[in-house]
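The values are calculated or read from the model by the stated rules, or taken from the named source; none is laboratory data. Worth saying up front: this structure is predicted, and the values here are computed from it rather than measured. As a convention, Cβ positions derive from the backbone with ideal geometry for all residues, glycine included, and neighbour counts pool all protein chains shown. Calculation scope for accessible area: heavy atoms of the full protein, side chains included, ligands and nucleic acids excluded. Shrake-Rupley method; radii C 1.70, N 1.55, O 1.52, S 1.80 Å.
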Number of protein chains: 2
Amino acid sequence: MVEPKILPGFIEFSPSEQAQFKKIKTTIAKNFELFGYSPIDTVVLEREDVLLAKAGGETEKQIFTIEKGEKNMCLRFDLTVSFARYVASRENELAFPFKRFQVGKVYRGERPQKGRYREFYQCDIDVIGKENLSVKYDAEVPCVMSKSLKEIGIENFKIKINNRKVLFGFIQSLNLGCDYNEVVRIIDKFDKIGKENFVACLKDLQISDENCEKILNFIEKSGKNCEKIEFLRNLNIASEDFNKGVEELEEVLSVVKSFGEEDNFEIDFKISRGLDYYTGTVYETFITGYENFGSICSGGRYDNLAGCYTNTKLPGVGMSIGLTRLFVLLRDNNLLKFESKSSIDVLILTMGEYCDQAVKLAEFLRTNGVRCDNYFDDAKFKAKMNYANKIGVPYVAILGEDEIANDYITLKNMSTGEQQKVSNNELIKIIK
Amino acid sequence: MVEPKILPGFIEFSPSEQAQFKKIKTTIAKNFELFGYSPIDTVVLEREDVLLAKAGGETEKQIFTIEKGEKNMCLRFDLTVSFARYVASRENELAFPFKRFQVGKVYRGERPQKGRYREFYQCDIDVIGKENLSVKYDAEVPCVMSKSLKEIGIENFKIKINNRKVLFGFIQSLNLGCDYNEVVRIIDKFDKIGKENFVACLKDLQISDENCEKILNFIEKSGKNCEKIEFLRNLNIASEDFNKGVEELEEVLSVVKSFGEEDNFEIDFKISRGLDYYTGTVYETFITGYENFGSICSGGRYDNLAGCYTNTKLPGVGMSIGLTRLFVLLRDNNLLKFESKSSIDVLILTMGEYCDQAVKLAEFLRTNGVRCDNYFDDAKFKAKMNYANKIGVPYVAILGEDEIANDYITLKNMSTGEQQKVSNNELIKIIK
């Protein structure tokens, strides 16, 4: 006998949790489709050379590999690499801008620890252009995400937005004489390490007190979004890149307003997405009251999706939700919107041998869109009712001798305990 | 630059195919839920000891393994093993009968060849009892599948049904003096090898001419289902097992009739499911006119799902569709029911700088359930129309100077070329 265990670092949910997780996936997907994003599914096992061409740093070390001599097979560690490969291999066949969403599992050799999984769902949307892509999509993408988060019941959250041209332009304007990437790396850690350590890290780079102060003032700038744009303009930085960034940020916020989503957006000059390949707008999303959990939905604008696979320039903008991790957060904090109850609306029980009638009733209900189930096992009526209670079904329909003889159904409301005699059609009305 | 290729033996679909594949998955899942089956998702990477405990024969050789010393990780080769492990590890928490469906990818180290994939979707439903499970579920499971196949547009098919107790009871009654499993193995190959080779194989087992004739008469028995049951009764075989099998077969067909699905069912005494672990009812499904393709949906009744993981007896019945393979069959033979067109209903194009109005129109449409998209890129109007044609969208809504000034929309029907002036509300009516 082998113990029925799963591997460390892996996670599986109970049936009622799974029903809720599926509802989240379905709801999000439906919303993406409403916005014209196509569902794309890519292979989970990729060629090692394809994966390594776009991997880098920490990610590369976390790749699971099936060794097959020259043709090693690797489990994808995110959905972006697969997507880049997909677009590059079909660039002549696709219509651009190409908008896709994908909900799929990815694999990482993480050290098993709370909140880190080796197999988890990512949920990505991206818009890809050929040569060019309007900055208006930098507004659409987070607005789609914002609307999706609301649909799954997350009411209070902020999408924090920045532009890397603004961030880099500002840092360059200080003439710090050190590696700007290092400065960005430190800014990225600000929330984790706190102000004191932050300043200490900057000083390690020989940055003057005055400049430390300027950087602090910049990243901690508070106020309304329009005030922050005003603040940037007043810095009077004579950098083309910086000013392009400010313009982009302003346009994105203007289109976000057209989408009616401005209340969920907040400019935050600390947001940099580390050393990722983003080149313009960047986003992170925080649930109000759960900021410590980290960003639940991040992304940004990139200049070129698939430079390692094709010479065609494919600029894009995308965001990604770590869906498994988000689900655990929602579950553990009672934030799940969808009912954890039974997936059926009514359970049909018979008292006696009325299988034919019970199946026909079930078929009638299903034809009318009612999710229902027959309980077929021979069991005492009490055992059948115990089953109904255990699955949490809201209604039980009972067929016995009297019901069959007089052509009605006894319908029991499982939360109130009330019973009533109903016809087939009344049953449908009550349940709907 | 790395060539953006996928591994040999793997398959990926074009965006329009993907939309159809997703529609098939969604439709099937919705139907399963209507029948009270819960969506269950299990890990793709399993512990090697867990997987090998239930694997066997050919399957075992096809497992992909990630070597990690003592804790090798293996890619699941079907959904059943994961499911058995899931049920065994939660047997005290689940309500039985436990009905689940799962649509997920599985992995096999097949030699790359036409119609065989190393990564493909399986779509399974199973009902599991604790200690006992009514044979009526042996009718429900294929009826759910039958209805699902019709929902995805497969009109003409037959679910062939048999009972292994009947098959083994019959063979035993002949007192052949050879290994009965060998005889079943040969019967399983009948359709592939033809009658002549079939008889030759039987003779190799030293089976007499008379018995060969009897076996042939048995497996080739034609007629209506009720005639076949009659035929079994008239064999007068004094075996408890055989007679139990006949009773089960009769009850299954009776419940299938209650479900209104009898026209799609055909008793076929050749169906044995090889040397699988089935113990009673067995099924295979063939699309009329595409019988050579093999069974598209198979399964059966088993005595014990998880004997290698728990001492609790968990009898069940289930069926599985090889969804990727079925999709390719449907695609290649123009049998796909769902539209391969654009996933949106209307594309909004502007002539001039009317982004705000275009986004607000889109939001109004989406609130009313219309899937739509804004085209944001700067492009000549002709290029925008080319995009509309390429994605195959049925309607284009145009917003220009005159439209904005006089508060209407120009709606173009892309298949007829007709244009008309409409209000927001008229637009919704036309599209719906």
### Query
Debye sum, Cα scatterers, the stretch B:1-150, no solvent: what log₁₀ I/I(0) at q = 0.16, 0.18, 0.21 1/Å?
-1.06, -1.24, -1.39
### Query
What's the angle, to the nearest 10 degrees (0 to 90), between helix A:190-204's Cα axis and the longest principal axis of chain A?
20 degrees
### Task
May I ask you to report, in nm to one decimal and beginning with the shortest, the distances from B:K421 to the same position in the other copies, taking label points 7 Å along Cα-to-Cβ?
6.3
### Message
Can you give the local net charge around B:F286? Use residues other than it whose beta-carbon is closer than 9 angstrom to its beta-carbon, Lys and Arg +1, Asp and Glu -1.
### Response
0
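Please give me the summed charge of the neighbours of B:G352: other residues whose Cβ is under 14 Å from its Cβ, Lys and Arg +1, Asp and Glu -1.
Once positives and negatives cancel, what remains is -4.
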### Computed accessible area, B:K160, all protein chains, 1.4 angstrom probe, square angstrom
40 Å²
### Query
GNM on chain A, C-alpha springs below 10 Å: top fluctuator among A:S298, A:S134, A:S272?
A:S134
### Summary
For chain A, the longest principal axis of the Cα atoms and the Cα long axis of helix A:164-173 enclose an angle in degrees, to the nearest 10, of 20 degrees
#### Entry: Largest to smallest accessible area among A:F327, A:F293 [probe 1.4 Å]
A:F293, A:F327
### Query
Of the listed peptides B:70-79, A:80-89, A:163-172, what is their order by residue-averaged count of other C-beta atoms within 10 Å, with the highest listed first?
A:80-89, A:163-172, B:70-79
### Query
In the Gaussian network model of chain B, springs joining C-alpha atoms below 10 Å, which of B:I219, B:I409, B:I40 carries the largest mean-square fluctuation?
B:I409
### Query
Using θ = phi - 60° and the Karplus form 6.51 cos²θ - 1.76 cosθ + 1.60, what ³J(HN,Hα) does each residue of the stretch A:30-37 get, whole Hz, x for Gly and Pro?
4, 5, 4, 5, 4, 9, x, 8
### Query
Under a 5 Å amide H to amide H cut-off, with H placed in plane at 1.01 Å, what residues pair with B:L399 once short-range neighbours are removed?
B:L349, B:T350, B:M351
### Message
What does the copy distance list look like for A:M1, label position 7 Å along Cα→Cβ, in nm and ordered from shortest?
### Response
6.1
### Summary
Ranked output for segments A:136-145, B:179-188, B:124-133 by mean other Cβ atoms within 10 Å, highest leading, reads A:136-145, B:124-133, B:179-188
### Query
To the nearest whole number, what is the average tally of beta carbon atoms from other chains within 10 Å of the beta carbons of peptide B:27-38?
5
#### Entry: Rg/Rh ratio calculated on Cα atoms of the stretch B:64-220 (Kirkwood radius)
1.04
### Query
For chain A, what's the relative contact order in percent, using C-alpha pairs closer than 8 Å and at least 6 residues apart?
16 percent
### Query
Taking a temperature of 25 °C and a viscosity of 0.890 mPa s, what whole-number D in µm²/s does Stokes-Einstein yield for chain A with Rh from Kirkwood over alpha carbon pairs?
97 µm²/s
### Message
Test of understanding: extend the Cα→C-beta vector of A:N217 to 7 Å, then name every residue of the stretch A:237-266 with backbone N under 16 Å from that spot.
### Response
A:237-238
### Query
From Cα coordinates alone, what are the radius of gyration and Dmax values for the stretch B:44-106 in angstrom?
12.8, 39
## Note on the structure
Karplus ³J(HN,Hα) for the stretch B:93-106 (6.51 cos²θ - 1.76 cosθ + 1.60, θ = phi - 60°; Hz, whole; x = Gly/Pro) runs 9, 7, 8, 9, x, 9, 10, 9, 10, 8, 10, x, 7, 10
### Task
Give, rounded to the nearest 20 debye, the magnitude of the charge dipole that the protein assembly as shown has about its Cα centre when Lys and Arg contribute +1 at Cβ and Asp and Glu contribute -1 at Cβ.
180 debye
### Task
Nearest to the axis that maps chain B onto chain A: list the chain B residue whose Cβ wins, with the distance in whole angstrom.
B:I66, 3
### Query
Under the Kirkwood approximation applied to all pairs of distinct alpha-carbon atoms, what is the hydrodynamic radius of the protein assembly as shown in Å?
30.2 Å
### Net charge over other residues, Cβ less than 9 angstrom from the Cβ of B:E251 (K, R count +1; D, E count -1)
-3
### Summary
Residue-ordered couplings for the stretch A:151-162, obtained by feeding phi - 60° into the Karplus form 6.51 cos²θ - 1.76 cosθ + 1.60 and rounding to whole Hz (Gly and Pro as x), are 4, 8, x, 8, 8, 10, 7, 10, 8, 8, 10, 8
### Query
Given +1 on the Cβ of Lys and Arg, -1 on the Cβ of Asp and Glu, and no further charges, what dipole in debye does the stretch B:1-143 carry about its Cα centre, rounded to the nearest 20?
320 debye
### Summary
Scoring the stretch B:375-418 by relative contact order with C-alpha pairs under 8 Å, at least six apart, yields a percentage of 33 percent
### Task
Enter the per residue convex hull volume of the stretch B:151-265, computed from alpha-carbon coordinates, in Å³ rounded to the nearest integer.
120 Å³
### Message
On a 1.4 Å probe surface of the protein chains, which of A:C201, A:C212 comes out largest in accessible area, and what is the full order?
### Response
A:C201, A:C212
#### Entry: Tilt relative to chain B, helix B:225-234 - C-alpha long axis, 0 to 90 degrees, to 10
10 degrees
### Message
Run the helix sum for the protein assembly as shown: -39,500 (n - 2.57) per DSSP H stretch of 4+ residues, divided by residue count, reported at 222 nm to the nearest 500 deg cm²/dmol.
### Response
-12500 deg cm²/dmol
#### Entry: With all protein chains modelled, accessible area of B:S254 [1.4 Å, Å²]
70 Å²
### Message
Suppose the chain between B:D276 and B:K189 were pulled fully straight at 0.36 nm per residue; how much longer would it get relative to their current alpha carbon spacing?
### Response
29.9 nm
### Task
Pull up all non-local amide H partners of A:A306: gap of 5 or more, or a different chain, and H-to-H distance under 5 Å with H placed in the peptide plane.
A:L314
## Note on the structure
In debye to the nearest 20, the charge dipole size for the stretch A:327-383, taken about the Cα centre with +1 at each Lys and Arg Cβ and -1 at each Asp and Glu Cβ, equals 260 debye
### Task
Only Cα pairs under 8 Å and at least 6 apart count here; give the relative contact order of the stretch B:301-408 as a rounded whole percent.
27 percent
### Query
Taking amide H positions as placed 1.01 Å from N in the peptide plane, with prolines and chain starts having none, which residues 5 or more places from B:I66, or on another chain, fall under 5 Å of its amide H?
B:M73, B:C74, B:L75
### Query
When the convex hull of the C-alpha atoms of the stretch B:280-328 is computed, what volume per residue in Å³ does it have?
86 Å³
### Task
Can you list the distances in nanometres, one decimal and ascending, from the B:G223 label point to the identical position in each other copy, with the point 7 Å along Cα to Cβ?
9.2
### Query
Taking the Cα centre of each part, how many Å lie between the stretch A:54-123 and the stretch A:321-390?
36 Å
### Query
Sorting B:V2, B:V44 by accessible area (1.4 Å probe), largest first, what list results?
B:V2, B:V44
### Query
Given A:P112, A:S148, A:G129, which one lies farthest toward the positive end of the charge dipole of the stretch A:104-158, if we put +1 on the Cβ of every Lys and Arg and -1 on the Cβ of every Asp and Glu?
A:P112
